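Take a look at the structure set out below.
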Amino acid sequence: MAIDMTRSQARKIVRSLRTGSAPDEFARQLFVGQKDWLDHATENMREVATDGDFEVRFVRAKYGGGKTHLLRCLMEVARAENWATAYILLQPNVVELDRFVTLVSEMASKLELPNGTRGLRQLLRQFLEKFFNPGA
């Protein structure tokens, strides 16, 4: 499959691949392997939307196993279908699943709406701090 791009875009892809990842905007075009996982995740995403429900899934694989690339491809599909997305990286003492305030705060800052705007971090952080720490 040929990818139509400028020389500048091609250089950006090469630089990104040298660091172990592909640029978001070319993730699907550069996707090799694990197509069944992407197809399953895409189908699941559409079913959840149709049902008006939600699911949480965790992606686990060895280092270099393609987790980030798979998620970038899924985010590209989601954006194309007018979904809001947020890529969140868990980090000890910064963003942790068992510290809900840190997780939601990071989600608010990383939230990308279909029109490309980001946001609501400060408003959401103020609400969560007041709600979860009313005496603080």
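The values are calculated or read from the model by the stated rules, or taken from the named source; none is laboratory data. If you're wondering where the values come from, they're calculated on a predicted model, not measured in any experiment. Cβ coordinates were reconstructed from backbone atoms using ideal geometry, including for glycine residues, and neighbour counts include every protein chain displayed. For accessibility, only protein heavy atoms count, side chains too; no ligands or nucleic acids. Shrake-Rupley method; radii C 1.70, N 1.55, O 1.52, S 1.80 Å.
General remarks:
- Semi-axis lengths, Å, the stretch 70-117, gyration tensor of Cα atoms, sqrt of 5 times eigenvalues: 23, 12, 7
- Solvent exposure, largest accessible area first (probe 1.4 Å, DNA, RNA and ligands not counted), of PHE26, PHE100: PHE100, PHE26
- In the context of the full protein assembly, ASP36 retains an accessible surface of approximately 130 Å², using a probe radius of 1.4 Å and ignoring ligands and nucleic acids.
- Sorting ARG18, ARG72 by accessible area puts them as ARG18, ARG72; the probe is 1.4 Å, largest comes first, and only protein heavy atoms count.
- Gain upon complete extension [ILE88, THR42; 0.36 nm per residue less C-alpha separation]: 14.7 nm
- Taking 7 Å steps out from each Cα toward its Cβ at GLU129 and THR6 produces label points 4.1 nm apart.
- Cα-centred dipole magnitude for the stretch 37-136, charges only on beta-carbon of K, R (+1) and D, E (-1), debye, nearest 20: 480
- Here the accessible area of the stretch 49-119 is 56 percent carbon and sulfur, with a 1.4 angstrom probe and all protein chains present.
- Each principal axis of the Cα atoms in the stretch 34-123 has its own extent, and those three values, largest first, are 36, 33, 23 angstrom.
- Gain upon complete extension [LEU113, ARG99; 0.36 nm per residue less C-alpha separation]: 2.6 nm
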